[in-house]
Amino acid sequence: MTARVADARPLTVGIDVGGTNIRASVVDGDGEVLDTVVAPTPHSARALENALDRAVRELCRRHPIGAVGLAVAGFINADRSTVRFAPHLPWQDTPVAQRLTERLELPVILEHDANAAMWAEYRFGAAAGGHNSVLVAIGTGIGAALLIDGELYRGTHGVAPELGHLQVVPQGRSCPCGKRGCWERYCSGTALVDTAIEMLATDPVHSTVLAREVLRDPGSLTGRRVAGAAQDGDPLAVAVMADFARWLGLGLAFVSDIFDPGLIVIAGGVSSSAPQFLDEAREEYARAITGAGHRPLARIRTTQLGEAAGMIGAAELARATLAETGRGRSWAARSTH
Ligand SMILES: [Zn+2]
């Protein structure tokens, strides 16, 4: 019985293919990370595939691996085999899954990084039991994922959802996507900096510590610094976080008007500063949602798995693929290495 359970839940590798680093981990069927390899992300497609190949082979030497999942920040096609476009990676319309499958002789799947994180939180973390959930990962921008009736919603072309680029302010701040007034321009780590500088420009509060820092060197300000200053009670930083909380609550109300989720998971780097904004965001969310006061609200929680969520989710999705295809034998077991 024990052996059958072990066979049904093989080890898989989940890889977070970030713009700076590749993090590849061996993950078990309970979402536990057993081993991790980290390498810098090369700048050419060939070098990147070589680096991924090396990382997986290193892990295969130490563990019996059945499949590999890649979490990628970019557009993945609907069958999850090809990276259409990834702004921080050298792949464009590249059949990454096929290339790596041939090299590694293992099933390889791709997944949008927010989808992978959503899946991990649903299976093992903050969204456990939340069959209709939204994940909003707030960092430099917003990454988002939708779980509908217990399934990831990928849209017709594999690019849904781009919630960060919902326009919340007509003619608002310009966005690298080419539009103006996108949600993530007001609700991200980058937005914390922009809001602080805007607030100082329109209503200089020279007396606060943060204000003096910004005036001395505006280029040195980071979202993390704003959040830290808010924690220390700096009035400018507190006002910036309140503005952020309002945009977060408002955006989540839009999202809930469309999808009516039961659970919203706030992830990404900014989520670590949740005590500085989450209560206010919940209040704004409850005010801004259509039918406020006459409907149940989604629970809003922060990530449980943190930065590892994408990797764990990619590994778990790879495991599901393995079960579907019935390929249970590991590369290590078949290899003569
Ligand atoms: Zn945009």
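Of the options 176, 204, 215, report the single residue whose Cα projects farthest towards the positive end of the charge dipole of the range 128-303 (beta-carbon charges: Lys, Arg +1; Asp, Glu -1).
Comparing the listed Cα positions along the dipole, 176 ranks first.
Just check the range 128-303 against the gyration tensor rule for me: Cα atoms, a ≥ b ≥ c as the square roots of the eigenvalues, rounded for a/c under 1.5, and otherwise prolate or oblate depending on whether a/b exceeds b/c.
Cα axes put the range 128-303 in the prolate bin.
Using alpha-carbon pairs under 8 Å, 6+ residues apart, how would you state the relative contact order of the chain in percent?
Computed value for the chain: 23 percent relative contact order.
How much accessible surface area, in Å² rounded to 10, belongs to the heavy atoms of residue 260 with a 1.4 Å probe?
Spelled out: residue 260, probe radius 1.4 Å, area about 90 Å².
So how far apart, in nm, are the two label points at residue 242 and residue 151 if each is 7 Å from Cα heading toward Cβ?
For the pair residue 242/residue 151, the computed spacing is 4.5 nm.
P(r) for the range 139-216: what percent of alpha-carbon pairs falls in each 5 Å bin, starting at zero?
Taking every Cα pair in the range 139-216, the percentages come to 3, 14, 19, 16, 15, 13, 8, 4, 4, 3, 0.
Once the convex hull of the alpha carbons of the range 236-294 is built, what does its volume come to per residue, in cubic angstrom?
78
Please report the carbon-and-sulfur percent of the accessible area for the range 128-303; probe 1.4 Å, protein heavy atoms only, DNA, RNA and ligands left out.
That share works out to 52 percent.
Relative to the first principal axis of the alpha-carbon coordinates of the chain, what is the inclination of helix 189-202, with its axis defined by its Cα atoms, in degrees from 0 to 90 and to the nearest 10?
10
Amide H to amide H, which residues 5 or more places from residue 22 or on other chains are under 5 Å from it, using H placed in the peptide plane?
39, 41
Quick check: the distance between the Cα centres of the range 251-327 and the range 126-193, to the nearest angstrom?
For the range 251-327 versus the range 126-193, the Cα centre distance is 11 Å.
Can you tell me the orientation of helix 113-124 relative to the chain, as the angle in degrees between its alpha-carbon axis and the longest Cα principal axis, to the nearest 10?
Here the helix axis deviates by roughly 80 degrees.
I'd like the accessible area for residue 124, computed on protein heavy atoms only with a 1.4 Å probe and all protein chains in place. Round to 10 Å², please.
Accessible area of residue 124: about 50 Å².
For the range 28-121, what class follows from the C-alpha gyration tensor (a ≥ b ≥ c being the square roots of its eigenvalues): rounded when a/c is under 1.5, otherwise prolate if a/b is larger than b/c, else oblate?
Numbers: a/c = 1.57, a/b = 1.21, b/c = 1.30.
Note, shape of the range 28-121 comes out oblate.
Using just the Cα positions, wrap the chain in a convex hull and report its mean projected area in square nanometres, one decimal place.
18.8
In Å², and per residue, what accessible area does the chain have when probed at 1.4 Å with the other protein chains present? Mind showing how you got there, number by number?
Details: 15430 Å² over 337 residues.
Counting only protein heavy atoms, the per-residue value for the chain is 46 Å².
The values are calculated or read from the model by the stated rules, or taken from the named source; none is laboratory data. If you're wondering where the values come from, they're calculated on a predicted model, not measured in any experiment. Virtual Cβ from ideal backbone geometry, glycine too; neighbours counted across all protein chains shown. Ligands, DNA and RNA are stripped out before the accessible areas are found, and what is left, the full protein with its side chains, is counted by its heavy atoms. Shrake-Rupley method; radii C 1.70, N 1.55, O 1.52, S 1.80 Å.
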